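One structure is given below, encoded as structure tokens.
The values are calculated or read from the model by the stated rules, or taken from the named source; none is laboratory data. The shown structure was predicted, so the numbers you read here are calculated from the model rather than taken from an experiment. Cβ: placed from backbone, ideal geometry, glycine included. Neighbour counts: every protein chain shown. Heads up: the accessible areas ignore ligands, DNA and RNA and are worked out on the full protein's heavy atoms, side chains in. Shrake-Rupley method; radii C 1.70, N 1.55, O 1.52, S 1.80 Å.
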Amino acid sequence: MTEDRKKTTAIRAMVLVMLVCASFLLFVNGTALAALTIKANHDHIKIDFFYHGSTVSMRGVSDPGTDLIIKIASPDGHQALRQKGKVAGLLWMNVGELRFEQVPLLYSLHSTRKISDILSPEEMDKYAIGLESVGKKAEIQPVSSEAEKTKWYGEFVKFKESSNLYAETSGDISLNTNGGEQNYYVLSQWPYQAPPGDYIVTIYAVKDKKVVEMAETKVFVEQVGVVKSFAEMAKNSAALYGTISIVAALAAGFGVGLIFRKGGGAH
Amino acid sequence: MYLYLPVALTSINVLVPVGLGLAVGLLSGLFGVGGGFLMTPLLIMFGIPSTVAAATDSNQIVAASTSGTYAHWKVGNVDFKMGLYLLAGGFVGGLLGVQGIKVLKAMGNADFVIKMTYVLMLGIVGTYMFIESVSSMRKNKTQEVKEERQSAAGRFLSSLPMQTHFEKSGVTHSALIPIIFGGFVGVLAAVMGVGGGFLMVPVMVYILRMPMHVVVGTSLFQILFNCIEVTFLQATTNHSVDFILAVLLLLGSTVGAQVGAVFGRKLKGEQLKVILAVIVLAVTVKIIFELTLPPALLLGQSGGH
């Protein structure tokens, strides 16, 4: 009997420990599940003939007292770019090609406040928040030193910014506290230079310089209609596409020539 | 109004390519050049990737030069026979040039050598053209003296075999001359990645001694065929021809070429030469600036020139 009682006590103790653990987990998860949501109003962008970029608004609910950072990025990939340099100490010309690995094609940030004020550098690196952190995990070939890498990454960012593909803005997420909830809203300009593909929108809730929660949604960009037909034809039936382009140009040239003769443009 | 370009993957205000087309078409009809020297960098400036800019420009030149050739042909200013000889030479030269690039690239520092050769050549040709045409405008009546000076070279040229008369141009040459010089320009054009109009026009004026008005028409005829070939190659190998952009450009350039041709008829050959010389020199200066001033961006899209 005493053996049995001992066993029951042991089982009871184990169950108690498990319950405590479970409730603790539930508590932690519970707050996470309840708080952070994200929704983009425009998660399927269609590139048609008259496309000139778009706007995407993102809204959701977050825990009061947290700051927010929204990152819009394409999955990391590689890009090769022509590199200009000085030849013979005097003349600028193309000196080769630089390959960038682990860099997104598009990267843009929005936040409630200046990011360096609300997040620690370690956390920024961990979640690749900020162009500096993106640069740390980027690989650039061929560069001879760390200083060279920093220099060329800086040029890379300049190049990307010139076509609106990289952007950092802060203080543009607006917050609205309603009861126990905090609603946020931000409007993002979607650049027309961003090519078709999948883009990931991540929201980070930040407290005490640490990321405490994350949520994610996707934006899908695709070509439709005439634009899609032309792009596919140029790729898949190149000879036919080339021939049509040439014939159309010849016809246009002759056509305009005839119009000018009839119109008495030549005299 | 903005339109989206399916191959360039960017959006552009339609007034930009139509306006550019008009301006470059005008130059084309006036001087018998393709205008790639102006069009390609401007398109890049408006956000078109460099490969797409170069390829689409050739497609557009097909239309502009058809329009221009047609306008010059109506008034009898296209020497088809000469044009065909030049084309034959240019075709072989282009093939040699493509091989030449490979050799130069293998030797290293190819871009430097190519750019320097091009700048020097444009500078020399532009200066010579300018001085020659200004002085012949001043003393129109002393032309006989000049012709005598040329006679030593002339004697050599007329001693070559396969002499044939080019009726439209009113000159007699060995058939080898246009073929060799067409080939020479073809090699350079392939190596430099430019159309070669700037070099072909002076060759026709000073070496083949054709009248300026026939030079313009014949040059356009020759450019037309070159650009058909380039457009097809670019479409099939690089997939970089943007049809929508080409259509927008040619809306302007075909009209521009007609206007240029009409306007050119009102100018004297010497006047055309002076203006062309100034343009060639301006392009030389522009390239020198590009080479010496630090660029705003040290990185650019791959491909193209």
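Wholly within the range A:47-116, which strands (runs of 3 or more DSSP E) include no fewer than the required count, namely at least 3 residues that are more than 30 Å from B:Lys105 (Cα to Cα) and either within 15 Å of the chain's Cα centre (by Cα) or within 14 Å of another protein chain (Cβ to nearest Cβ) (or both)? If you could, list the steps in order and put the result at the bottom.
Values: elements: A:54-62, A:67-73, A:77-87, A:91-103, A:107-111.
The qualifying strands (runs of 3 or more DSSP E) are A:54-62, A:67-73, A:107-111.
So is A:Ala194 in contact (Cβ under 8 Å) with a residue 12 or more places away in the chain, farther than 25 Å from A:Pro121 by Cα and aliphatic (A, V, I, L, M) or not?
Details: in contact (Cβ under 8 Å) with a residue 12 or more places away in the chain: yes; farther than 25 Å from A:Pro121 by Cα: yes; aliphatic (A, V, I, L, M): yes.
Yes; evaluated as a whole, the condition is true for this residue.
Run A:Ala205 past the list (1) farther than 30 Å from B:Thr254 by Cβ; (2) small (Gly, Ala, Ser); (3) within 14 Å of chain B (Cβ to nearest Cβ); (4) in contact with a helix residue (DSSP H, G or I) (Cβ under 8 Å, 6 or more places away or on another chain) and report the number of the one that doesn't hold.
(3)
Restricting attention to the range A:143-173, which residues are in contact (Cβ under 8 Å) with a residue 40 or more places away in the chain and more than 14 Å from chain B (Cβ to nearest Cβ)?
Passing the criteria: A:Ala167, A:Glu168, A:Thr169, A:Ser170, A:Gly171, A:Asp172, A:Ile173.
If I ask for residues that are open to solvent by less than 30 Å² (accessible area, probe 1.4 Å), away from chain A (no Cβ under 14 Å) and more than 15 Å from B:Val278 (Cα to Cα), which ones from the range B:104-136 would you list?
Passing the criteria: only B:Ser136.
Could you pull out the residue among B:Val7, B:Val18, B:Val33 that is open to solvent by 20 Å² or more (accessible area, probe 1.4 Å) and either outside any helix (DSSP H, G or I) or touching a strand residue (DSSP E or B) at 6+ places or on another chain (Cβ under 6 Å) (or both)? Walk me through it before giving the result.
Values: B:Val18 fails: either outside any helix (DSSP H, G or I) or touching a strand residue (DSSP E or B) at 6+ places or on another chain (Cβ under 6 Å) (or both); B:Val33 fails: open to solvent by 20 Å² or more (accessible area, probe 1.4 Å).
The conditions single out B:Val7.
Show me the strands (runs of 3 or more DSSP E) entirely contained within the range A:164-267 in which 2 or more residues are open to solvent by less than 70 Å² (accessible area, probe 1.4 Å).
Numbers: elements: A:166-168, A:174-178, A:181-190, A:197-207, A:210-223.
Strands (runs of 3 or more DSSP E) meeting the threshold: A:166-168, A:181-190, A:197-207, A:210-223.
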